[in-house]
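Worksheet: one structure, shown below.
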Amino acid sequence: MIKTKYTLLLLAGFLVVILGLVGYFLYNNNIPLTPAKDPVTTSLNKQSSEDDSASIEKDLQDTDTDSINSDLDSLEKEVAQ
């Protein structure tokens, strides 16, 4: 009974140390956890916060709507293969 208790405590201790080391290495890793920003997202973040019609029209003109379906088209081509 006592031997089993000490074995479980030792196992729990090793688990805590291993989880701590994994957390440390993940925290200090230089790999960014957030995805890289694409130009479309960056341009959308630059839109005006005004709600008058001139600002809305300017935002619509500045938005590139030609490339909206380009990712969808390439995905459809991949699925069709």
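The values are calculated or read from the model by the stated rules, or taken from the named source; none is laboratory data. Predicted model only: the values in this text are computed from it and were never measured. Because the Cβ atoms are built from the backbone with ideal geometry, glycine has one as well, and the counts that use them run over all protein chains shown.
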Here the qualifying pairs (Cβ atoms under 8 Å; residues six or more apart or on different chains; first in region 63-81 and in the same structural domain as Leu44 (by TED's automatic domain parsing); second assigned to a helix (DSSP H, G or I) and modelled with pLDDT under 75) come out as Thr63/Ser43; Thr63/Leu44; Asp64/Val40; Asp64/Ser43; Ser67/Val40
For helices (runs of 4 or more DSSP H) lying entirely in region 2-78, having 2 or more residues that are modelled with pLDDT under 75 picks out 39-45
